[in-house]
Amino acid sequence: MVISVAVPAPLFKCFDYLPAKDLSAKDGNDLSLYRPGQRVLVPFAGRKLIGIIKNTGITTYPETPNSNTTKKTIKLKHILYIFNENAIFSAKQLELLTWASIYYCHPIGDCFHTALPTRLRKYINPQDNAWQKLTSTKWLRTQHPYIPKKNAHKQLALIEAISHQQEGMWQDALKSMGFTLTQLKTLEKAGYIAAKECDSLATTANENNKKPPITIELNPAQRKAAAEIQASAKPFNVTVLQGITGSGKTEVYIECVRNALKSGKQSLILIPEINLSPQTLTRFQSQLNTPIGLVHSGMSAKERLSTWQLAREGIAKVIIGTRSAIFTPFKTLGLIVVDEEHDASYKQIDGFKYSARDLAVKKAQIENCRIILGSATPSLETLHNANLGKYQHIKLTQRAGKGKLPEMHLIDIRSRALENGCSRPLLDRIEKEITNGNQVIIFQNRRGFSPTLMCNACGWIAHCIHCDAKLTLHSRPPHLHCHHCNYKQAMPHSCESCQQPQLSPLGSGTERIEFGLQQRFPNTTIRRIDRDNIRKQSDMIKLIEEINLGEPCLLVGTQMLAKGHDFHHVTLVAIIDADASFFSADFRAIERSAQQLLQVSGRTGRGEKPGTVLIQTRKADHPLFVPLLSSDYDSIAKSELEDRTLCELPPYSKMITIRADAKVMSDAMSALQLLSKQLHQQFSEQLSVQISGPIEANMTRKAGIYRCFLHLFISETKIRNKVLSLLPEHCIKNNNHKTKLQIDVDPLDYI
Ligand code: ADP
Ligand code: ZN
Ligand code: ZN
C-alpha cells in the first residue's frame with residue numbers, strides 16, 4: 001500500500017511512500033487517512049519537504065529481483081507526518097494542476113508548490129499548524145469628530161474610506177488602496193479610528209452590508225452583452241467581450257457577477273498586474289455589497305492565506321486578483337472574468353511558465369462555469385478561437401459615458417529635427433493644450449535619459465560588461481545602467497576606445513523628454529511616470545488622485561501610464577516613437593504594438609472634452625497606419641492572422657521553446673543540437689512539425705550566461721503531445737552543472 005506524493009523537486013514524476021509509521025501501526029492499512037490533495041511531510045534526498053498527495057493505491061513491487069531488473073531492491077520510505085487538515089487541493093484543483101503540469105511540461109511537484117500560499121509551502125513544526133483560524137485587523141471610525149486639516153488629503157481620504165463601511169474596513173484592503181500602517185496608527189493615536197481583531201471567516205460571513213448597493217443602469221449594448229453571456233444553456237461557455245476602451249466592460253462584468261451571486265455562486269476576476277487600482281476594488285465593492293477578497297503580490301503571506309481560506313470556504317464571494325489568483329480554491333465557482341485578456345502580465349516567465357488566461361479557460365471547463373475574456377484589443381489566439389466558433393464573440397463599439405474615441409494623426413519626423421525627442425508640431429500642439437487648461441500624456445515606453453551613449457570620434461558605444469546589451473544613460477544622478485542585469489557604473493569621462501572626451505547620448509527615454517519639456521514649459525507641472533520614479537503602488541495611487549483633480553499638467557510615462565486608468569481631463573496623447581516597437585523582429589510585434597497604441601490612445605477623450613492622439617513616426621506611409629488611425633483593430637487582426645496562417649505561426653500552430661543556458665556557448669548549443677537531432681529523427685516524416693534553430697538569443701549573453709533557443713512550431717495536437725512527452729527526459733539528461741534547459745510552452749517572446 002503506497003501513497004504517491006508530489007514533492008517540490010525538478011523531477012517530472014511523483015514518488016511513492018509508505019504510510020507514516022505511527023499511523024500504520026495503529027490503523028493498519030487505512031488509506032482513507034491519506035486523501036489526494038493533502039499535505040504531508042516526507043523525507044527526500046536527505047531533506048524534509050512538504051509534498052502533496054497525488055493519489056493512493058496498492059502497488060506491487062517485485063520482492064526478489066528477476067532477470068530483467070537490477071539487483072537493487074526498492075526500499076520505500078515512510079511519510080513523516082500527515083497534516084491534520086482537510087485536503088488543501090480539491091479534486092478539481094488537482095485536476096487543473098495535473099493538466100497544467102503536462103501541458104506546460106513542468107515538474108508536478110513544483111506546479112503544486114507554486115499554487116500553494118507561501119505559508120503552506122514550508123515546514124515549520126507539526127504543532128504550528130498554518131491552517132489554523134486566522135484573525136485579521138479591521139479599522140472602524142470612532143465617534144471623535146474629525147475636522148479636515150489643510151493639505152491633509154490622504155488623511156481625509158483614509159477617514160472617508162473607513163467611514164463608508166459601517167462594519168469597518170479590513171487592513172489589507174486599506175493597504176491595497178495605498179494607505180500605510182503608519183497613517184492608520186497616527187489616526188488611531190488621535191482617536192479618530194480604532195482597530196479590532198476579527199476572525200475573518202466569521203466576520204466576513206456576517207458582513208451583509210446594510211447600505212443599499214449603488215446601481216448603474218446599463219446601456220442597451222451593455223444589457224444585451226450581459227444577457228447574451230448568460231444565455232447559453234450549458235454553464236461552461238467562453239465569451240470574448242471585445243469592447244473599445246471606455247465602452248463599459250467593467251459594468252458588464254459586475255452585472256454577470258451579480259447574477260452569479262443570485263444563484264449562490266462565487267466569481268473570480270483576474271486583472272493585469274499594473275491595473276490593480278483602488279478604483280477597481282471600489283467599483284466592485286460599492287455596487288455589489290458582498291465580501292470581496294484581493295489577491296496580489298503586495299500582500300503579506302498571512303493575508304494571502306486568509307483570502308485563500310475565505311474563498312475555499314465559500315465566504316468570500318468575489319476574488320479580484322492578478323496572475324497567481326488563478327490558483328485560488330473556490331467552493332462553488334460560477335464565473336471567471338479575465339480583464340484585458342491580451343495582457344502579457346498573465347504569462348509567468350520564470351519557473352512554472354503558465355498563462356493565467358489559458359489556465360482560466362481550463363479552470364472554467366473543470367468547474368463547469370462561465371468565463372469572459374474581455375479586452376479592447378483581444379489577442380490573436382483568442383480571436384482565432386472566436387473565429388473557429390469555439391468562443392462566443394460579443395462587441396461593444398461605443399463609449400459608455402460621455403466620451404468619444406479620439407482623433408488620431410501622424411507626424412512624419414523623417415526630415416525634422418527633434419528637440420529631446422519632440423518635433424516642432426508636437427510641441428506647438430502641447431503648448432496649445434496647456435494654454436487651454438488641459439492635460440497631456442506623452443508616451444515613450446523606454447525609461448532613462450537615453451538608450452545609447454556614443455563616442456563622437458570613433459563611434460564606440462557603452463556596453464554592459466555582463467550582457468550583450470547597451471547601457472542606458474540615466475541623468476539623476478548621471479550614471480549608466482543595464483536594464484537587463486541591473487549592473488550600474490559611473491559615467492565615463494572619455495571614450496574607452498579612443499580616450500576622446502566627447503560622448504553623446506543618442507535617442508530619448510522618459511527622463512530626456514521630461515527634461516526637454518521642462519526647458520520649454522518651465523511654468524507647467526510635469527510628472528514622470530515610470531518604474532524609476534514610481535516605485536510603490538501607493539505612489540501611483542497618490543499621483544492618479546492628483547491628476548484627477550484636473551489641474552493642467554504634462555504626464556510623461558511608459559506603459560505604466562497606458563493601461564486601464566480612467567483620466568477625465570486628458571485631451572492629447574502624444575506618442576514619441578511608434579516605430580521602435582512596430583518594426584521589431586518578433587512575429588508578435590505588430591499585434592502587441594497595436595494593442596499598446598490603442599490602449600494608450602484610449603486614455604484620452606474619456607471626459608466631456610474630445611481627445612486627440614499624435615503619433616511621431618519615420619514610416620508615415622506604412623499601410624499599417626491606415627487601420628490604426630481609425631482605431632480599426634479588427635482589420636489589423638485580420639491581416640495579421642492571414643500572415644500567420646501562411647507561415648504556420650501561432651495561433652495556427654502551437655509554439656514550444658526550449659532554452660539552454662550555459663557559461664560557455666558551445667555547451668548550450670550542443671545540448672540543443674542533440675535535442676534537435678533527436679526530434680528530426682523521430683519527426684522527419686511529420687509535416688506538422690517545424691524545428692527552428694538552435695539559434696543564439698538576440699541578446700546572446702545576459703548576466704554572464706550564454707543563451708540559445710530551439711523553437712518548435714507544431715500544428716497537430718497529437719504530435720504536439722508526443723513531442724511534449726519526450727522533452728522531460730531530455731531535459732533531465734541535459735540539466736547538469738554545465739547547461740540548464742528550460743521549456744516554455746506558448747511563449748510570448750520569440751527573440
Ligand atoms: P472599459 O472597462 O470598457 O474601458 P469602463 O467600464 O471603465 O470601460 O467604463 C468607462 C466609463 O464609463 C467609466 O467612467 C464608467 O463609470 C462609465 N460607464 C460605464 N457604463 C456606464 C453606463 N451604463 N452609464 C453611465 N456611465 C457608464
Ligand atoms: Zn572613441
Ligand atoms: Zn547587463
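Which of the peptides 669-675, 734-740 is most tightly packed, and how do the rest follow, judged by the mean count of other Cβ atoms within 10 Å per residue?
The densest-packed peptide leads the list: 669-675, 734-740.
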**Q.** Asn486/Lys302 FRET efficiency (R0 22 Å; Cβ-Cβ; nearest 0.05)
**A.** 0.15
Q.
Using a Cα-Cα cut-off of under 23 Å, which lysines could be cross-linked to Lys404, ignoring same-chain neighbours fewer than 8 residues away?
A. Lys224, Lys249, Lys395, Lys432, Lys563, Lys609
Q. Out of residues 5 or more away from Ser247 or on other chains, whose amide H comes under 5 Å of its own, with H placed 1.01 Å from N in the peptide plane?
A. Ala400
(Q) Could you compute how fast region 607-751 diffuses translationally, taking Rh as the Kirkwood radius over C-alpha pairs and applying Stokes-Einstein at 37 °C with viscosity 0.692 mPa s? Give it in µm² per second. (A) 185
Q. Given R₀ = 22 Å, FRET efficiency for Thr180-Ser286 by Cβ-Cβ distance, to 0.05?
A. 0.40
Q: Kindly write out, for region 630-636 in residue order, the coupling ³J(HN,Hα) from the Karplus curve 6.51 cos²θ - 1.76 cosθ + 1.60 (θ = phi - 60°), rounded to whole Hz, with x marking Gly and Pro.
A: 9, 6, 8, 5, 4, 5, 4
Q.
Output wanted: per-residue J couplings in Hz (rounded whole) for region 665-674, from phi through Karplus 6.51 cos²θ - 1.76 cosθ + 1.60, θ = phi - 60°, x for Gly and Pro.
A. 4, 5, 5, 5, 4, 5, 4, 6, 4, 4
Q: Would you mind checking which residues have amide H under 5 Å from Trp460's amide H? H placed 1.01 Å from N; only 5 or more apart, or other chain.
A: Cys455
Q) What residue among Tyr633, Leu480, Thr645 has its Cα farthest toward the positive end of the dipole of the chain, where the charges are +1 on Lys, Arg and -1 on Asp, Glu, each on the Cβ? A) Leu480
Q: Excluding residues fewer than 8 places away in the same chain, name every one of the lysines whose C-alpha is closer than 22 Å to that of Lys138.
A: Lys154, Lys175, Lys185, Lys189, Lys196, Lys210, Lys211, Lys302, Lys317
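Give me the extension gain from Thr717 to Met1: residue separation times 0.36 nm, minus the current Cα-Cα distance, reported in nm with one decimal.
Extra length available between Thr717 and Met1 comes to 254.1 nm.
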(Q) Can you compute the modelled spin-label distance between Phe583 and Ser639, with each label point 7 Å from Cα toward Cβ, in nm? (A) 1.5
**Q.** In Hz, Karplus ³J(HN,Hα) per residue of region 642-655 (6.51, -1.76, 1.60; θ = phi - 60°; x = Gly, Pro)
**A.** 4, 4, 5, 4, 4, 9, 6, 9, x, x, 7, 8, 9, 9
Q) Along the charge dipole of the chain, which of Leu598, Ala697, Leu335 sits closest to the positive end, that is, farthest toward it, with unit charges on the beta carbon of Lys, Arg, Asp and Glu (+1, +1, -1, -1)? A) Leu335
Q | Under 18 Å from the Cys647 label point (7 Å along Cα→beta-carbon), backbone N, region 584-604 | A | 584-595
Q) Calculated from DSSP H runs of 4 or more alone, at -39500 (n - 2.57) each and per residue, what is the 222 nm mean residue ellipticity of the chain, nearest 500? A) -10000 deg cm²/dmol
**Q.** Built amide H within the under 5 Å cut-off of Ile411, gap 5+
**A.** Ile615, Gln616, Thr617
Q) Between Asp428 and Gln673, what length in nm is gained on full extension when 0.36 nm per residue of separation is reduced by their alpha carbon distance? A) 82.6 nm
Q: Among DSSP beta bridges lying fully in the chain, give the percent that are antiparallel, nearest 5.
A: 55
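By its C-alpha gyration tensor, with a ≥ b ≥ c as the square roots of the eigenvalues, how is the chain shaped: rounded for a/c under 1.5, else prolate for a/b larger than b/c, else oblate?
oblate
Read-outs: derived from the displayed coordinates by stated rules, not from any lab. Note that this is a predicted model, so its numbers are computed, not measured. Cβ atoms come from the backbone with ideal geometry, glycine included; neighbour counts cover every protein chain shown.
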